[in-house]
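Undergrad: This is the structure, below, for whatever I ask next.
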Amino acid sequence: MDYTQGRYNVYDEWGNWIGRIDGDEFVRTPGANGQLLYRLEEDEFYDMNGGFMGHISNGQVVVAGVKRFVILAE
């Protein structure tokens with residue numbers, strides 16, 4: 001799925017809202033400062049240091065075999 005086309009909310013594995021994807025490839029913190037947290041590249045999820053974290057499948061980010069994040073359309 002192409003998450004660069006629209007707005008998406010990102011939640012952690014406990015359902016806490018951690019940020020938003022807003023028409024680009026970055027997950028930003030909520031609020032005015034919008035600090036970059038993560039980067040998406042096609043179906044891959046990276047930290048901001050470029051470290052590979054996991055794959056995105058059906059709106060779920062799986063890290064080391066465990067669902068860590070959920071991406072939902074706004």
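The values are calculated or read from the model by the stated rules, or taken from the named source; none is laboratory data. Quantities reported herein were computed from a predicted structural model and do not represent experimental measurements. Ideal geometry is used to build each Cβ from the backbone, glycine not excepted, and the neighbour counts take in all protein chains shown. Keep in mind that these areas ignore ligands, DNA and RNA; they rest on the heavy atoms of the full protein, side chains included. Shrake-Rupley method; radii C 1.70, N 1.55, O 1.52, S 1.80 Å.
Undergrad: Could you go through region 3-12 in sequence order and give the Karplus-derived ³J(HN,Hα) for each residue, using 6.51 cos²θ - 1.76 cosθ + 1.60 with θ = phi - 60°, rounded to whole Hz, and x for Gly and Pro?
TA: 7, 7, 10, x, 10, 9, 9, 10, 10, 7
Undergrad: With each label point set 7 Å from Cα along the Cα-Cβ vector, what nm distance links LEU37 and VAL66?
TA: With each label point 7 Å from Cα toward Cβ, the separation is 1.7 nm.
Undergrad: May I pose another question? Ignoring ligands, DNA and RNA, please state the percent of accessible area on the chain from carbon and sulfur, probe 1.4 Å.
TA: C and S atoms contribute 47 percent here.
Undergrad: Could you give the Stokes-Einstein D for region 7-73 in µm² per second, using the C-alpha Kirkwood radius, 10 °C, 1.306 mPa s?
TA: For these conditions, the coefficient is 135 µm²/s.
Undergrad: If you don't mind, another one. Mind checking the per residue accessible area of the chain for me, 1.4 Å probe, whole number of Å²?
TA: I get 61 Å² per residue for the chain.
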